[in-house]
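**Student:** Just dropping this structure here.
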Amino acid sequence: MTGMSGVGKSTIVEALTAGGVKAVDTDLEEWKVSRHQWDLDRVRALLDEFEEVVVAGTVENQGLLYDAFDHVILLSAPTSVMIERIARRHGNPYGKTDAERQEILEYTATVEPLLRATATVELDTTRPLSETVRHIRDLLRSTRRFT
């Protein structure tokens with residue numbers, strides 16, 4: 001799962017995990033070698049360790065591992081919804097300053113189209129969380145679509 005800040009990646013990871021699905025939020029620093037780069041060896045090891053795992057995150061080098069994923073799910077929401085969610089969230093300070101909110105809007109305009117072009121599925125996260133989680137669980141049972 002990938003998408004801009006505020007689309008619900010962490011919330012969906014929590015819901016999947018609560019439902020017994022192995023899901024990992026790789027936007028956390030321990031999964032990165034820099035702010036915008038995964039530790040590819042660590043993420044590969046995660047993929048090798050679990051037959052079924054949902055990996056959530058958005059970094060510049062994620063495409064280098066796309067061949068290891070069955071699906072690349074883009075989570076999306078209107079920018080107004082994203083900014084509202086960011087203002088309400090706890091535990092992740094990113095997006096609280098005017099400069100960071102502006103950065104999110106710029107990334108939405110420039111990066112999200114690139115993610116959309118390589119995604120196999122796009123899910124609108126303004127739908128109920130339970131619907132989004134159910135769709136992702138269904139994808140876990142479906143055949144590989146990303147080649």
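The values are calculated or read from the model by the stated rules, or taken from the named source; none is laboratory data. Since the structure is predicted, the reported quantities are computational estimates derived from the model, not experimental observations. Neighbour counts run over all protein chains shown; Cβ positions are idealised from the backbone, glycine included. In case anyone asks, the SASA skips ligands and DNA or RNA and just uses the protein heavy atoms, side chains included. Shrake-Rupley method; radii C 1.70, N 1.55, O 1.52, S 1.80 Å.
**Student:** Reachable lysines from Lys22, Cα under 24 Å, same-chain residues fewer than 8 places away excluded?
**Tutor:** Straight-distance partners of Lys22: Lys9, Lys32.
**Student:** By DSSP, what percent of the beta bridges with both residues in the chain are antiparallel, rounded to the nearest 5? Working shown, then result.
**Tutor:** Values: 2 of 10 bridges.
In the chain, approximately 20 percent of DSSP beta bridges are antiparallel ones.
**Student:** Also, quick follow-up: Taking the alpha-carbon distance from Lys96 and a cut-off under 13 Å, which aspartates and glutamates remain once sequence neighbours fewer than 8 residues away in the same chain are dropped?
**Tutor:** Glu84
**Student:** If contacts are Cα pairs under 8 angstrom and at least 6 residues apart, what is the relative contact order of the chain in percent? Could you put the intermediate results ahead of the total?
**Tutor:** Details: 185 pairs, mean separation 46.7, N = 147.
The normalised contact order for the chain reaches 32 percent.
**Student:** Heavy-atom accessible area per residue, the stretch 55-100, 1.4 Å probe: how many Å²?
**Tutor:** Details: 2330 Å² over 46 residues.
Per-residue accessible area for the stretch 55-100 comes out at 51 Å².
**Student:** On the protein heavy atoms, probe 1.4 angstrom, tell me the percent of accessible surface of the chain carried by carbon and sulfur.
**Tutor:** Details: 4220 of 8170 Å².
Its accessible area is 52 percent carbon and sulfur atoms.
**Student:** Just check the stretch 79-147 against the gyration tensor rule for me: Cα atoms, a ≥ b ≥ c as the square roots of the eigenvalues, rounded for a/c under 1.5, and otherwise prolate or oblate depending on whether a/b exceeds b/c. It would help to have the intermediate numbers written out before the result.
**Tutor:** Values: a/c = 2.86, a/b = 1.58, b/c = 1.80.
It comes out oblate by the Cα gyration axes.
**Student:** A further question on this structure: Hey, got the Cα dimensions of the stretch 29-89 along the principal axes, in Å, largest first?
**Tutor:** Between the extreme Cα coordinates on each principal axis of the stretch 29-89 lie 37, 25, 18 Å.
**Student:** Follow-up. Counting only GluC sites (Glu not before Pro) that sit in a DSSP loop (anything but H, G, I, E, B) with at most 10 other Cβ atoms within 10 Å, what is the longest stretch of the chain containing none of them? Let's see the in-between values first.
**Tutor:** Working: sites that count: Glu51, Glu52.
The reported range is 53-147.
**Student:** Also, I was wondering about something else. Give the longest segment of the chain that steers clear of trypsin sites (Lys or Arg not before Pro) in DSSP loops with at most 13 neighbouring Cβ atoms within 10 Å, not counting the sites themselves.
**Tutor:** Numbers: sites that count: Arg35, Lys96, Arg144, Arg145.
Result for the longest clean stretch: 36-95.
**Student:** How many times 2.2 N^0.38 Å is the alpha carbon radius of gyration of the chain?
**Tutor:** Numbers: Rg = 14.5 Å, N = 147, 2.2 N^0.38 = 14.7 Å.
Taking N as the residue count of the chain, the ratio is 0.99.
**Student:** Next up: Can you tell me the dipole magnitude for the chain around its Cα centre, using point charges on the Cβ only (Lys, Arg +1; Asp, Glu -1), in Debye to the nearest 20?
**Tutor:** Details: 18 positive and 24 negative charges, 81 e Å.
So the dipole magnitude of the chain works out to roughly 380 debye.
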